[in-house]
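Undergrad: First, the structure itself, so that you have it in front of you.
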Amino acid sequence: MRLITDNKTIRALQGLRACAFIGVFLNHSIGGTACLGAAGVSIFFVLSGFLMAFTYWDRDAVIGEQGLAGSFKFAWKKIWKLYPLHVFMMILVITYAGVVWGYQKTMTPQLLGEALLNAALLQAWIPISEVYFSLNAVSWYLSTALFCYFMFSLLLCKLKKQCSVKRLLSAAAILAVLMCAISSLAAIIGSPQDKAWFSQHWITYVFPVSRLLDFSLGAIAGSMFMLKVKAASCNSGDCSEKGRNGDRFAWTAFELFAALLFAGAVVLFKHTPNWIRYSVLYIVPSLGIVFTLSMERGLLSRILSLAPFRYIGGISGYAFLIHWFAIRITVLILRRLFPDIKTCFIVFTAFAVTIIASEIVKRTMAQIDRLRNNLRNKKGPSNHITKETES
């Protein structure tokens, strides 16, 4: 039976996306919480691969988009939703720096080079922290994600040829070995200092090829979900709510175990070497929590499916690009107005500013999309059909 995954979302994973963003936000707003930021980033990459495989598994047109031109076109379509915000935040940071430090000090050839790399989304390929964390520092994620999207059509083509769970597990084992190899290479040639060339941090945390492994393992988990779990459930005719939920107690236990495994990785973060903590440490817990929650059968998945979590998950892409600058502006203003203000109030205010700004951006982008669709429709039915076929 053909699965129709278009227009479907796994609500619990939207909630998990919200939790991942909150972890990243806390890392940038509260000192000593790098463990939460690294955990959130790991979930983002694994979850992105999982949902991409889930969404495009039945879309044969994606498989056909191979070659440099086709892969870039597909990647650009995926990134376009966030790219205007990325450019806007980059300009905002440059303007802010010019006001605070003076334009004569900031308008330098180095800044121009950083702006060009950021605009082209190439900063994650440069192994210097002042470059890959330049301007709107969190935009390195977009640079790395672009490469993952670029490789996705080829990746999905390979995964769909693996017609059994056993083969997919073998592919996952190979990728896990590669991840360990890259981490070992980071230990050998990488410096523990973040600012050094080929630092362990860059090799394991930022380098797009390394993060492609996280993304690919997530895609394998998504492929297994589509190939075995969903297909078996629907083919057997057990697609009712009762059949889908199954044993609520047992699945709650599985979800809690996955959550505890992930919490254990967070606790071990500070006691783990740099070349392990940013990749290998979180990959198994991330895969476990994503896969168990994707079944949506336990209590934890029901909690994460609640509207507040799904809402934050839905705007997390915008919030991710906004929050770093929002935190700094909030700290600057509140510290000057209220020197004795407590950190918790600053964090809460920065979070509220981030969410409000993200909602504004979301509505603005929706309005722009409606205008584009209206203009497209005015060109005539034939052009509209052609564009729909290409999408």
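The values are calculated or read from the model by the stated rules, or taken from the named source; none is laboratory data. This one's a predicted model, so the numbers in the text were calculated from it and none came from an experiment. So basically every Cβ, Gly included, is an ideal-geometry build from the backbone, and we count neighbours across all protein chains shown.
Undergrad: Which residues, counting only those in region 53-69, are at pLDDT 80 or above and surrounded by fewer than 13 Cβ atoms within 10 Å (Cβ to Cβ)?
TA: Those that are at pLDDT 80 or above and surrounded by fewer than 13 Cβ atoms within 10 Å (Cβ to Cβ): 68, 69.
Undergrad: Out of all the residues in region 175-188, which are of a type outside the set (S, T, N, Q) and surrounded by 13 or more Cβ atoms within 10 Å (Cβ to Cβ)? Can you show your working first?
TA: At the first step, the residues of region 175-188 found to be of a type outside the set (S, T, N, Q) are 175-182, 185-188.
175, 176, 178, 179, 180, 182, 185, 186, 187, listed by residue number.
Undergrad: Look through 298, 246, 313, 317 and report the one residue that is more than 25 Å from residue 201 (Cα to Cα), modelled with pLDDT of 95 or more and touching a Lys or Arg at 6+ places or on another chain (Cβ under 9 Å). So that I can check it myself, show each step before the final result.
TA: Details: 298 fails: modelled with pLDDT of 95 or more; 246 fails: modelled with pLDDT of 95 or more; 317 fails: more than 25 Å from residue 201 (Cα to Cα).
Only one candidate passes the filter, namely 313.
Undergrad: Here is a follow-up. With 85, 155, 112 as the choices, which residue is out of contact with any Asp or Glu (no Cβ under 7 Å at 6 or more places or on another chain), outside any loop (DSSP other than H, G, I, E, B), hydrophobic (A, V, I, L, M, F, W, C) and without any contact (Cβ under 8 Å) to a residue 24 or more places away in the chain?
TA: On the way: 85 fails: without any contact (Cβ under 8 Å) to a residue 24 or more places away in the chain; 155 fails: without any contact (Cβ under 8 Å) to a residue 24 or more places away in the chain.
Of the residues listed, the single one that is out of contact with any Asp or Glu (no Cβ under 7 Å at 6 or more places or on another chain), outside any loop (DSSP other than H, G, I, E, B), hydrophobic (A, V, I, L, M, F, W, C) and without any contact (Cβ under 8 Å) to a residue 24 or more places away in the chain is 112.
Undergrad: Test residue 306 against the stated conditions and say whether it is surrounded by fewer than 22 Cβ atoms within 10 Å (Cβ to Cβ) and among the hydrophobic types (A, V, I, L, M, F, W, C).
TA: Working: surrounded by fewer than 22 Cβ atoms within 10 Å (Cβ to Cβ): yes; among the hydrophobic types (A, V, I, L, M, F, W, C): yes.
Answer is yes for this residue.
Undergrad: Filter region 319-336 down to residues that are under 15 Å from residue 89 (Cα atoms), buried (at least 19 other Cβ atoms within 10 Å of the Cβ) and β-branched (Val, Ile, Thr), then give me how many there are.
TA: Taking region 319-336 as the starting set, the residues that turn out to be under 15 Å from residue 89 (Cα atoms) are 319-329.
In the following step, the residues that additionally are buried (at least 19 other Cβ atoms within 10 Å of the Cβ) were identified as 319-327.
Filter once more, keeping what is β-branched (Val, Ile, Thr): 322, 327.
Of the residues in that region, 2 qualify.
Undergrad: Go through region 282-303 and give me each residue that's surrounded by fewer than 21 Cβ atoms within 10 Å (Cβ to Cβ) and of a type in the set (Val, Ile, Thr).
TA: 284, 303
Undergrad: Please indicate, with yes or no, whether at least one residue in region 329-336 is assigned to a helix (DSSP H, G or I), touching a residue at least 60 places away in the same chain (Cβ under 8 Å) and either closer than 24 Å to residue 82 by Cα or touching a Phe, Trp or Tyr at 6+ places or on another chain (Cβ under 7 Å) (or both).
TA: For region 329-336, residues assigned to a helix (DSSP H, G or I), touching a residue at least 60 places away in the same chain (Cβ under 8 Å) and either closer than 24 Å to residue 82 by Cα or touching a Phe, Trp or Tyr at 6+ places or on another chain (Cβ under 7 Å) (or both): present.
Undergrad: Right, something else. Checking residue 339 against (1) modelled with pLDDT under 95; (2) in a helix (DSSP H, G or I); (3) loosely packed, with under 12 Cβ neighbours inside 10 Å, which test does it fail?
TA: (2)
Undergrad: Further question on the same structure: Taking the condition assigned to a helix (DSSP H, G or I), among the aromatic types (Phe, Trp, Tyr) and loosely packed, with under 13 Cβ neighbours inside 10 Å, does residue 351 pass?
TA: On the way: assigned to a helix (DSSP H, G or I): yes; among the aromatic types (Phe, Trp, Tyr): yes; loosely packed, with under 13 Cβ neighbours inside 10 Å: no.
So residue 351 does not fit the description; no.
Undergrad: Considering only residues that are within 23 Å of the chain's Cα centre (by Cα) and of a type in the set (Val, Ile, Thr), look in region 74-103 and name the one that is surrounded by the most Cβ atoms within 10 Å (Cβ to Cβ). Show your work before the answer.
TA: From region 74-103, those within 23 Å of the chain's Cα centre (by Cα) are 74-93; that's our starting set.
Within this subset, residues satisfying the condition of being of a type in the set (Val, Ile, Thr) are 79, 87, 91, 93.
Details: 79: 17, 87: 15, 91: 14, 93: 20.
This residue is 93.
Undergrad: Looking for whichever is part of a helix (DSSP H, G or I), free of Cβ contacts under 8 Å to residues at least 40 places away in the same chain, touching a Leu at 6+ places or on another chain (Cβ under 7 Å) and not polar (S, T, N, Q) here; the options are 293, 287, 268, 261. Which one fits?
TA: Values: 293 fails: free of Cβ contacts under 8 Å to residues at least 40 places away in the same chain; 287 fails: free of Cβ contacts under 8 Å to residues at least 40 places away in the same chain; 261 fails: touching a Leu at 6+ places or on another chain (Cβ under 7 Å).
The unique qualifying residue is 268.
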